[in-house]
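Some notes on the structure that comes next.
Values in this text are rule-based calculations from the coordinates and carry no lab data. The structure displayed is predicted, hence computed values, not measured ones. Note: ideal-geometry Cβ built from the backbone for every residue, glycine included; neighbour counts use all protein chains shown.
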Amino acid sequence: MAFKTVEISPNVFWVGIEDWNRRFFDAFIPLPNGTSYNSYLIVGKEKTALIDTVNPGFEKILLKKISQIVPPGKIDYIIMNHAEPDHAGGILEVMKVAPNAKVVATKLGVDMTKIYFDVPSERRISVKDGDTLELGQKTLKFIEAPWLHWPETMFTFNMEDSVLFTCDFLGSHITSDKLFADEVGGLLMPEAKRYYAEIMMPFSASAQKALDKVNLLNPKIIAPSHGPVHRNPQSIIEAYEKWTRGPLEKKVIVVYVSMWGSTQTLERIITETISTEGVETVPYNLTVADISHVLRDLVDASAVVIGTPTVLGGAHPLALYATELIASFGVRGKIAAIFGSFGWGGGATRRVKLRLEKGGFEVVYTLDVRGPPKPAHIEKAVSLGKAVAKRVKEAT
Ligand code: FEO
């Protein structure tokens, strides 16, 4: 039987894997659409290069796909844009069948091939920004693009065909029988944004520098190693421009958890007030929310409001988890407010406030309520909503 390969440019082949069944990434981000591990084979007149490999477990299918195009033993170079095992996990299997193949990576990447995969030193080639590799009518140029999403990451540019291989950058967790971004319809941008939030938002400063390099190269095709290939790359570049350095939206994300309804009562008042003030709100009840949707919506939100009851002198565990992610994931909208309820001794809002402030947030209002909210508490919840809406309007 033949496995699917796609020639995305003359003698440049997609030989990747569609992982329809994967349901989590990094052990916490849901993958409702699975993901893909895109590997690309470039066949030059004299040399053959494989760009990135696949997640462990899929090496045999990768090799079968390659063998439909060239004997895998003919591979001269394995270009490792990123050392994370979902792309580099197949290196050793490819090296076994391609005895002359050498792994090409940044200096840090080369070090990682030793640490992660025990690649012998004579089979490693270190490249730096601007270096080129001649395959025969196919020239590969290497572009250092660190911290996307590990420190060793780089891009590879196929100069003749103007194809830029970006590994994690500009990718998405989508698996589809369709390879190209323009074929997957409305699924692409929300998923690309959700992916951006988890993988790239913590590194948005690096992403901005990388975008400048991408814009300079002006590639015809952008071929990431997750999700669809962009043969009209302008839309994903513009989306990344907005997510990394564009203006924030007049939008507030309210995340909360409630055990006996007091915190939820406050949440309804706060959400309604912010909305009535003309600022978009998106509430997430953490008992049912997908945390990746919270992060996605925080990509371009101006503010976040966190609500939690006090549990054992601190915040509810779900609120602690959300607060930790929000404080550490490079959220750009740094306006915050906190509210919560307690029965006999508080502590929840203080705990959340400390963590948010450590993450660079400015907490503009804190509201603590003992027991079910009374009319005076409702008034304070309205004040909190108005204070947040006012700051957001001033900032946008
Ligand atoms: Fe898809 Fe950072 O690996």
Q: Would you mind calculating the relative contact order of the chain from Cα pairs under 8 angstrom and at least 6 residues apart, reporting the percent as a whole number?
A: 11 percent
Q | Cα centroid separation, the stretch 235-251 to the stretch 161-216 (Å) | A | 13 Å
Q.
Please compare each pair in Lys209/Lys393; Lys138/Lys209; Lys209/Lys353; Lys64/Lys102; Lys64/Lys178 to a cut-off of 23 Å on the Cα-Cα distance and tell me which ones are over it.
A. Lys209/Lys393; Lys138/Lys209; Lys209/Lys353
Q.
Per DSSP helix of 4 or more residues, -39500 (n - 2.57); summed, then divided by the residues of the chain. What does that give at 222 nm, rounded to the nearest 500?
A. -10000 deg cm²/dmol
Q) What is the distance in Å between the Cα centres of the stretch 318-396 and the stretch 1-71? A) 45 Å
Q: Kindly state, as a whole number, the per residue volume in cubic angstrom of the convex hull around the alpha carbon atoms of the chain.
A: 136 Å³
Q. What is the magnitude of the charge dipole of the stretch 1-80 about its Cα centre, with +1 placed on the Cβ of each Lys and Arg, -1 on the Cβ of each Asp and Glu, and no other charges, expressed in debye to the nearest 20?
A. 220 debye
Q) By count of other Cβ within 10 Å, fewest leading, how are Val252, Val392 ordered? A) Val392, Val252
Q. With Cβ to Cβ distances under 14 Å as the rule, what net charge do the other residues near Lys141 carry (K, R +1; D, E -1)?
A. -3
Q: Pull out a ≥ b ≥ c, the square roots of the eigenvalues of the alpha-carbon gyration tensor of the stretch 129-177, then state rounded if a/c is under 1.5, prolate if not and a/b is larger than b/c, and oblate in the remaining case.
A: oblate
Q: Among DSSP beta bridges lying fully in the chain, give the percent that are antiparallel, nearest 5.
A: 45 percent
Q) Which FRET efficiency value, to the nearest 0.05, do you get for Lys107 and Thr139 by plugging their Cβ-Cβ distance into 1/(1 + (r/R0)^6) with R0 = 22 Å? A) 0.55
**Q.** Protection proxy ranking, peptides 35-42, 63-70, average beta carbon neighbours within 10 Å, highest first
**A.** 35-42, 63-70
Q) Is the stretch 46-103 rounded, prolate or oblate when judged by the Cα gyration tensor, a ≥ b ≥ c being the square roots of its eigenvalues, rounded requiring a/c under 1.5 and prolate requiring a/b larger than b/c? A) oblate
Q) Excluding same-chain residues fewer than 8 positions from Lys374, which lysines have a Cα within less than 20 Å of its Cα? A) Lys386
Q) How much of the DSSP beta bridge set in the stretch 272-396 is antiparallel, as a percent to the nearest 5? A) 15 percent
Q) If you count, for each residue, the other Cβ atoms within 10 Å and average over each peptide, how do 297-310, 254-267, 277-290 line up from highest to lowest? A) 297-310, 254-267, 277-290
Q. So how do 360-367, 79-86, 338-345, 165-172 stack up, highest first, on mean other-Cβ count within 10 Å?
A. 165-172, 79-86, 338-345, 360-367
Q: For the stretch 94-150, just say rounded, prolate or oblate: build the C-alpha gyration tensor, square-root its eigenvalues into a ≥ b ≥ c, call rounded for a/c under 1.5, and beyond that prolate if a/b exceeds b/c, oblate if not.
A: oblate
